[in-house]
Amino acid sequence: MEVIINKSRLELLEGDITKQDTEAVVNAANSRLAGGGGVDGAIHRAGGPQIMEECRKIGGCPTGEARITTGGKLKARYVIHAVGPIYRDGRHGEPELLLGAYKYSLKLASENKIKSVAFPSISTGAYGYPVEDAANIAISTAVDYLKSHTEIEIVCFVLFNTDTYKAYERALSSIINVQ
Ligand code: AR6
């Protein structure tokens, strides 16, 4: 599914983010930038040790923010390491922190003149964020950002399985319908 927001394209696809040829891919990282499983493991495996070396130099990243490194051996030139919240019950600032992780990543893309960026579904794997709620936050944050920032041409969400894809499709459809 894809829609045009202002001058940019917002796309949803099912697939593996390490295979994307967008200028930047976003990693669902932890606050130590120490690597791990899920998307994080896949990105470091495919991108090689250079990404981890840069992460070590950066040292860490608070939850709700993001940091940028090069893409190592990935097709993408950059990796934006975003730290989403660990979900407890939704009443410990999780929505704001998840929104922050997306917004911070988009700001880093703008600042680095990145024209295309691919996101995974941050926090909905090991960090346990309910997918339906996370999809609404992810999509509304991207749509809001693109309405006021025309410099990013393509924002793509790369969803790893059909259920996640469908949740993002519902979130995007409901936002488009109320506009
Ligand atoms: N491409 C796209 N999406 C993927 C891929 C991939 N190659 N692999 C997994 N996903 P998770 P989190 C999906 O657990 O919840 C790590 O250990 C996955 O199906 O990767 O933010 C970090 O180091 C799910 O929908 O990230 C942190 O400690 C989504 O990506 C912690 O996990 C996010 O799942 C972060 O947890």
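Since every read-out is calculated from the coordinates, none of them should be taken as a lab result. Fair warning: this is a prediction, and the values are worked out from it, not measured in the lab. No Cβ is skipped: glycine too gets one built from the backbone with ideal geometry, and neighbour counts run over all protein chains shown.
Each principal axis of the stretch 91-179 carries a Cα extent, and these read 32, 29, 24 Å when sorted largest first.
Cα convex hull, the chain: 98 Å³ per residue, rounded to a whole number.
By the combined test of axial Cα extent (at least 20 Å) and Kyte-Doolittle hydropathy (mean at least -1.0), the qualifying DSSP H helices of the chain come to 94-111, 131-148, 162-178. Only lysine pairs 8 or more places apart or on separate chains count here, and in the chain those with Cα atoms under 12 Å apart total 5. Neighbours of residue 11, meaning other residues whose beta-carbon lies under 12 angstrom from its beta-carbon, give a summed charge of -3 when Lys and Arg score +1 and Asp and Glu score -1.
Neighbours of residue 118, meaning other residues whose beta-carbon lies under 11 angstrom from its beta-carbon, give a summed charge of -2 when Lys and Arg score +1 and Asp and Glu score -1. Once the Cβ-Cβ distance of residue 163 and residue 70 is raised to the sixth power relative to R0 = 35 Å, the FRET efficiency obtained is 0.60. For the chain, the mean residue ellipticity at 222 nm estimated from helices alone is -13500 deg cm²/dmol, where every DSSP H run of n ≥ 4 contributes -39500 (n - 2.57) and the total is divided by all residues, rounded to the nearest 500. Summing Cβ point charges (Lys, Arg +1; Asp, Glu -1) relative to the Cα centre of the chain gives a dipole of roughly 480 debye. Here the stretch 91-135 is scanned for amide nitrogen atoms under 16 Å from the site 7 Å beyond the Cα of residue 2 along Cα-to-Cβ, giving 115-119.
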